[in-house]
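Below is one structure; the comments refer to it alone.
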Amino acid sequence: MPQVIQWVSPKEGEIIWRYPVDRIEWGAQLIVEEWQAAVFMRDGKVYDVFRAGRHTLTTLNLPLLTQALSRIAGFDKSPFVAVVIYVSLKQHQLPFGGRGQTAELAPIQFYGSAWFRVADPALFVTQVVGGQNIYTTEDLQRFLRGYFNELLMAELSRQSIFTIYGNLDQVSFIAKNAIDPHFRRLGLELVDVRFEGLDVTDQVWRDRLFFIRATGVNPAEYLRMETVQKAAAELGKSPGAAAGTGIVLIPPLLWPQQQAAPPPQPAQPAAQQGVVCPQCGYVNPPGAKYCINCGYMLGKRCPQCGFVNPPDAKFCMNCGAKL
């Protein structure tokens with residue numbers, strides 16, 4: 001009875017399977033399903049690839065392996081040694097998640113799922129199975145998840161937090177276009193990437209994003225002015241500044257809305273004109289939670305969740321806790 005080589009009853013989600021016998025007989029029956037490919041390896045090198053069908057193994061349908069074996073006298077009269085790797089050509093899910101940072105060094109955490117498939121079985125077995133010595137689906141998933149996360153964190157570090165925060169479709173599109181070329185070098189095709197969550201892990205950055213969205217200021221201008229303000233504060237604390245031993249020129253700390261504004265008018269009641277900052281006296285737009293002149297917090301921070309509420313709020317608008 002001829003030897004039968006077949007991947008029988010693969011489990012759901014399995015990507016690769018190694019035929020447990022390395023001694024292959026000439027005339028053996030190789031059965032490959034429609035969604036499979038069978039790859040023959042010998043001495044760590046990929047030779048012949050079979051697609052769907054029932055194949056009788058002869059020197060005619062194993063031309064590359066036959067050429068390698070032809071140096072052995074009588075090779076076609078006795079069994080030969082080779083590794084048979086079955087590869088699933090279906091789409092497979094790859095969960096991902098981790099922590100990283102953006103171009104502004106904003107700390108973020110993210111998670112989601114990617115979908116991929118094996119596009120080139122010979123290249124895939126060469127680069128991943130043989131190159132990484134991986135022969136099980138569990139090891140392969142672990143390798144691909146680490147590889148994907150590494151590429152994703154590198155790409156997110158080149159993106160602005162103001163581009164990707166709160167825009168999961170945009171960041172999914174960016175990630176797929178950036179990572180797919182790397183997957184293709186492994187014989188894989190990245191079919192889709194979907195972020196299910198992306199958030200900043202630092203409260204300071206949460207407050208910055210909220211302020212920029214609430215006021216509509218340019219993010220780059222906001223970060224520049226924040227840096228200038230910090231530098232001015234540090235210079236004011238230095239002994240040289242107190243003794244008057246040097247002069248430092250600081251650009252005017254004015255937001256874009258203020259640069260074309262007329263001279264300040266006498267303050268009017270907050271209910272009519274806006275919210276008066278107790279730190280610098282600047283009159284902010286109604287509903288502002290931070291002073292757009294000096295950055296002082298105008299609202300009440302919730303002790304339960306940290307959300308900044310309007311000054312007259314009695315209960316947190318985010319979690320309902322009493323202020």
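The values are calculated or read from the model by the stated rules, or taken from the named source; none is laboratory data. Values in this document were obtained by computation on a predicted structure and should not be read as measured data. Positions of Cβ are generated from backbone atoms using ideal geometry, with glycine treated the same way; all protein chains shown enter the neighbour counts. Please note that ligands, DNA and RNA were not included when accessible areas were found on the heavy atoms of the full protein model with its side chains. Shrake-Rupley method; radii C 1.70, N 1.55, O 1.52, S 1.80 Å.
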Q: Consider Arg184 carefully, then state whether it is surrounded by fewer than 17 Cβ atoms within 10 Å (Cβ to Cβ) and without any contact (Cβ under 8 Å) to a residue 60 or more places away in the chain.
A: no
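Please go through the range 101-153 and give me each residue that is assigned to a helix (DSSP H, G or I), farther than 30 Å from Leu65 by Cα and polar (S, T, N, Q), ordered by number. Break it down stepwise before answering.
Of all residues in the range 101-153, those assigned to a helix (DSSP H, G or I) come to 121-132, 137-153.
So of that shortlist, the ones also farther than 30 Å from Leu65 by Cα come out as 142, 145-153.
Asn149, the sole residue that qualifies.
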**Q.** The listed residue being β-branched (Val, Ile, Thr) and at pLDDT below 95, out of Val87, Val81, Val39, Val32
**A.** Val81
Q) Which pairs do you get when a residue that is closer than 11 Å to Ile108 by Cβ and in a helix (DSSP H, G or I), found in the range 197-211, comes within reach of a residue that is at pLDDT below 75 and open to solvent by less than 30 Å² (accessible area, probe 1.4 Å), reach meaning Cβ atoms under 7 angstrom, with the pair 6+ apart or on two chains? A) none
Q.
Given the criterion in contact with a strand residue (DSSP E or B) (Cβ under 6 Å, 6 or more places away or on another chain), in contact (Cβ under 8 Å) with a residue 40 or more places away in the chain and open to solvent by 40 Å² or more (accessible area, probe 1.4 Å), identify the matching residue among Val49, Val83.
A. Val49
Q.
Kindly evaluate Val39 against the criterion of being in contact with a helix residue (DSSP H, G or I) (Cβ under 9 Å, 6 or more places away or on another chain) and within 18 Å of Val129 (Cβ to Cβ).
A. yes
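Only one of Val217, Val193 is modelled with pLDDT of 95 or more, aliphatic (A, V, I, L, M), open to solvent by less than 50 Å² (accessible area, probe 1.4 Å) and not in a helix (DSSP H, G or I). Can you tell me which? Give the derivation first.
Working: Val217 fails: modelled with pLDDT of 95 or more.
Matching residue, one of Val217, Val193: Val193.
Which residue out of Arg158, Arg99, Arg142 is modelled with pLDDT under 95, in contact with a Pro (Cβ under 9 Å, 6 or more places away or on another chain), open to solvent by 50 Å² or more (accessible area, probe 1.4 Å) and basic (Lys, Arg)? First the steps, then the outcome.
Numbers: Arg158 fails: in contact with a Pro (Cβ under 9 Å, 6 or more places away or on another chain); Arg142 fails: in contact with a Pro (Cβ under 9 Å, 6 or more places away or on another chain).
Unique residue meeting the criteria: Arg99.
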